[in-house]
Amino acid sequence: MFSATLTDEQQRHLAKSVTNLLSLYKQISDSYIIEFFSENLWESLPLSWQEPLNQLSPPQIADLLLDKSATDIRYPSVWPLSLLAFRASAHALAYPRIPPDQGSIHAKIGKPQEFHSNQSQSSLLGHIFRKHVKPKKQHEIRRLGMMVTNLCQQTNCDNVVDVGSGQGHLTRFLSFGLGLSVTAIEADANLVLMAKKFDGQLRFTLEKERLKKADAGHLPQAVSAPLPHHVVGWVNPKASWEDFIEQLNRRDDESEWPASAGGPGKKRQWISMSASDHRPDSKGQCLRAAECDSPSCAEGARARELSPHQVTDRPGPISEDLQGHDCSSASAPAADVKHTQTPLVKRPCRPSPAVCSEQSASCLFNRSTLSDSTVDPGDEERVSGRFVLTGLHACGDLSATLLRHFVSCPSVQGITSVACCYMKITTEENPSPPGVLAPPPTPQSADALTPSDFGYPMSEWVRGLPGHQLSYKAREGACHAVEDYVHRLREESELLKTHCYRAVLETIIRAARPDMRRAGIQTIKKSHTLTFAEYARLGLPRAGLPADLPLDQVRVDAMLKQQGRVVAYFSLVLLLAPVVETLVLLDRMLFLQEQGIPSQLVPLFDPAISPRNLVLVAVKQGLPQGLKDAC
């Protein structure tokens with residue numbers, strides 16, 4: 001699973017080389033494609049670049065610029081050495097994004113092999129874990145779940161904390177599928193309610209299947225799995241790790257939101273606790289066992305009589321029940337599934353960092369399991385406070401916060417961190433990025449902020465490099481999907497006209513309102529199917545301008561003819577996106593290195609389906625040698 005580890009010196013050298021490259025081409029990475037015409041971006045390129053780039057077709061741009069694995073490259077004209085060096089350097093300094101077990105995917109962009117027989121269902125994930133879960137998330141939770149399990153085995157931990165858990169898809173797989181004790185924390189109370197409902201549905205399906213086997217003469221064991229503990233809470237990036245631990249130990253009635261966040265349901269007002277695809281499924285209603293409503297149906301009668309007290313109170317994996325289940329056949333209304341959940345038996349002792357130890361932290365996660373019986377006196381000896389921290393697409397500063405807790409908290413033994421939304425990271429130059437509210441004051445944040453308080457840079461090494469600063473636009477660009485754009489280029493998709501349309505519209509808006517720049521037009525659905533006149537009629541009102549604003553058709557047509565240039569320029573920007581992402585993640589690796597903790601970046605997901613596919617993995621006793629490929 002793990003690629004060759006860079007030495008400490010190699011990491012520092014790579015960071016220096018990346019900052020040098022990004023400093024040299026800062027004008028490209030910081031540019032907004034919607035300002036292509038209004039800021040004359042094409043004219044900002046070296047003259048020696050303009051002619052060869054202007055001659056390229058979209059498939060040639062894919063092969064000659066963006067795909068470093070392309071073979072049999074044939075240049076339609078002689079390229080200047082500076083352009084060749086730019087392309088080669090960007091590819092050489094970006095961290096590899098293709099999982100080692102997949103080889104090159106550029107030749108044929110599509111869904112991973114697990115979806116070849118069914119475009120919406122992973123063949124590698126049990127049926128009960130695919131309900132309510134989109135293909136992208138199915139792919140992610142299976143691969144990350146196996147990695148977390150492997151890490152738990154290496155660190156001798158049975159406990160996992162899933163931060164930004166959303167609707168609990170990863171949490172359920174770790175708990176019901178892999179037998180781990182999981183505490184999930186999520187800021188959106190509505191998503192937590194959905195997660196609990198889905199937990200109940202899965203639980204009901206498993207018990208119903210067990211009863212079916214019993215009716216058939218088999219004697220299967222009672223369903224045995226540790227029920228996840230869900231906590232509603234926002235992880236304050238400025239709070240201490242002790243406060244974080246206390247959050248995890250809250251009972252349901254103690255969960256709370258920051259006073260200024262507006263209560264539950266205000267998704268993404270705070271630094272994100274979950275990825276952008278963690279949204280409640282409007283179709284995710286609990287299923288009714290309609291076929292079991294008949295009094296003559298013994299299976300339905302048994303299912304309706306289920307009680308949470310009929311299940312065992314001993315946790316354990318239920319892999320024997322994972323195959324062959326079709327969750328679309330039966331379940332119960334959420335209101336009818338009333339399982340008992342006792343969060344944590346003991347609350348943390350909250351010692352100072354100087355005296356805290358694993359022994360003092362062992363009060364964590366000693367919860368009762370699936371019944372409401374009291375905890376066996378021996379449970380505290382069998383369950384320690386050691387746990388693995390995971391965050392699947394933890395947004396903005398949240399990923400940096402989890403790394404700081406990992407370093408500081410003695411209980412955290414390992415971490416898997418998948419980041420996203422780099423533009424929401426706080427920096428010294430931009431401590432309050434757009435769309436991110438400042439955290440409420442805490443005793444720790446009473447003093448003036450220091451460079452070490454921000455999400456980037458985290459390491460002393462990167463902070464000391466000239467030109468290490470990354471603008472909001474550069475970090476936003478790092479979130480774009482290179483592989484998806486390569487696919488569009490090779491297919492010469494109509495979607496390629498979207499950037500040109502928006503850039504032309506920007507010039508029209510500025511002509512009418514010189515004071516307005518980069519107006520928030522938002523996405524116009526199926527804009528590639530519209531003529532520009534239709535696109536403008538929909539877009540202008542969003543900028544506060546009349547839909548029938550007169551257009552200079554001659555000028556508009558002249559700009560639309562330059563679509564090829566817009567595509568070529570955007571491809572240059574996109575070429576630097578993985579380099580920016582590399583610097584952000586490399587900075588986090590160097591931060592851990594400076595704390596004496598080795599780490600590694602793993603391209604775990606298929607980037608064609610999950611663009612943010614790099615996982616930062618670390619354990620405090622050092623990365624194990626020969627870690628098995630769990631995927």
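Computed values, structure above
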| quantity | calculated |
| --- | --- |
| Ala85 versus Gln522: modelled label distance in nm, points set 7 Å from Cα along the beta carbon direction | 4.6 |
| Mean Cβ neighbour count within 10 Å, used as a protection proxy, ranking 604-610, 59-65, 544-550 highest first | 604-610, 59-65, 544-550 |
| Around Leu572: net Lys/Arg minus Asp/Glu count, Cβ-Cβ under 13 Å | +2 |
| ³J(HN,Hα) computed for each position of the stretch 533-539 - Karplus, 6.51 cos²θ - 1.76 cosθ + 1.60, integer Hz, glycine/proline x | 4, 5, 4, 5, 5, 7, x |
| Whole-percent carbon and sulfur share, accessible surface of the stretch 497-631, 1.4 Å | 52 |
| Summed residue charge, Cβ within 14 Å of Arg513's Cβ, Lys/Arg positive, Asp/Glu negative | +2 |
| Theoretical gain in end-to-end length, Asp515 to Glu429 [0.36 nm per residue, Cα-Cα removed] | 28.5 nm |
| FRET E, pair Gln553, Leu193, Förster distance 45 Å, beta-carbon r, rounded to 0.05 | 0.25 |
| Surface accessible to a 1.4 Å probe, per residue, for the residues of the stretch 114-161, Å² | 37 |
| Accessible area in square angstrom per residue, the stretch 525-586, 1.4 angstrom probe | 45 |
| Stretchable slack from Ile73 to Gln621, in nm (0.36 nm times residue separation minus alpha-carbon distance) | 192.7 nm |
| Whole-Hz ³J(HN,Hα) from phi, Karplus 6.51 cos²θ - 1.76 cosθ + 1.60, for the stretch 158-166, glycine and proline x | 10, 10, 10, 10, 9, 9, x, 6, x |
| Fraction of accessible area attributable to carbon and sulfur, the stretch 26-98 (%, probe 1.4 Å) | 56 |
| Residue-wise HN-Hα coupling along the stretch 70-82, computed from phi with Karplus coefficients 6.51, -1.76, 1.60 (Hz; x: Gly, Pro) | 5, 10, 6, 6, 10, 7, x, 8, 6, 8, x, 4, 5 |
| With every protein chain in place, the stretch 130-182: carbon and sulfur % of accessible area (1.4 Å) | 43 |
| Ratio Rg/Rh [Cα only; Rh per Kirkwood] for the stretch 116-189 | 0.98 |
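The values are calculated or read from the model by the stated rules, or taken from the named source; none is laboratory data. These numbers were taken from a predicted model, which means no experiment stands behind them. When we count neighbours, we look across all protein chains shown, and the Cβ atoms used for this are built from the backbone with ideal geometry, even at glycine. Heads up: the accessible areas ignore ligands, DNA and RNA and are worked out on the full protein's heavy atoms, side chains in. Shrake-Rupley method; radii C 1.70, N 1.55, O 1.52, S 1.80 Å.
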